Every structure is written in structure tokens, then in C-alpha cells.
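Student: One structure, pasted below without further comment.
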Amino acid sequence: MTLQCDGHAITGSWKGTGIYLYGRSDVTVRSCTVKNFVYGIYLYVS
């Protein structure tokens, strides 16, 4: 899976998670700005 942001931002309000990946593998995040979250990118493997 690839998340291609093309330079765009994912902006929060200082709560939660910008990108939450649960039980995923082989993930690519490209050209993204993730800001103003408690967790920018959260990876969880069960």
C-alpha cells in the first residue's frame, strides 16, 4: 500500500492520529507532511 500525498499536508487539531496503520505491512508514505496530531504516524502490529 502506498499513500502518496504529492506534497500536501494532513493537519490535525492537536488530537488523535494523522495516519493510523493497524496490522499493516509493506506500507510506503511518500511526500506527506503530517502535523498537529498527538501521533503523526502510528504503526501497530498485532
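All of the numbers you see were taken from the coordinates with simple rules; none came from a lab. Nothing here was measured: the structure is a model prediction, and the numbers come from that model.
Student: Below 8 Å, C-alpha to C-alpha, sequence gap of six or more: please give me the relative contact order for the chain in percent.
Tutor: Numbers: 94 pairs, mean separation 22.5, N = 46.
For the chain, the relative contact order is 49 percent.
Student: Another question, if that's okay. Quick one: which residues, 5+ away or cross-chain, put their amide H under 5 Å from the amide H of Ile10? H built at 1.01 Å from N.
Tutor: Excluding prolines and chain starts, which carry no amide H, the hits are Thr33, Val34, Lys35.
Student: Next up: Return the sequence-ordered ³J(HN,Hα) values of segment 27-44 in whole Hz as given by the Karplus equation 6.51 cos²θ - 1.76 cosθ + 1.60 applied to θ = phi - 60°, using x for Gly and Pro.
Tutor: So the J values, rounded to whole Hz, are 10, 10, 10, 10, 6, 10, 10, 10, 9, 6, 10, 5, 10, x, 10, 10, 10, 10.
Student: Provide the convex hull volume over Cα atoms per residue for segment 2-44, in Å³. All intermediate terms of the calculation are to be shown ahead of the outcome.
Tutor: Details: hull volume 2.0 nm³, N = 43.
Dividing the Cα hull volume of segment 2-44 by its residues yields 47 Å³.
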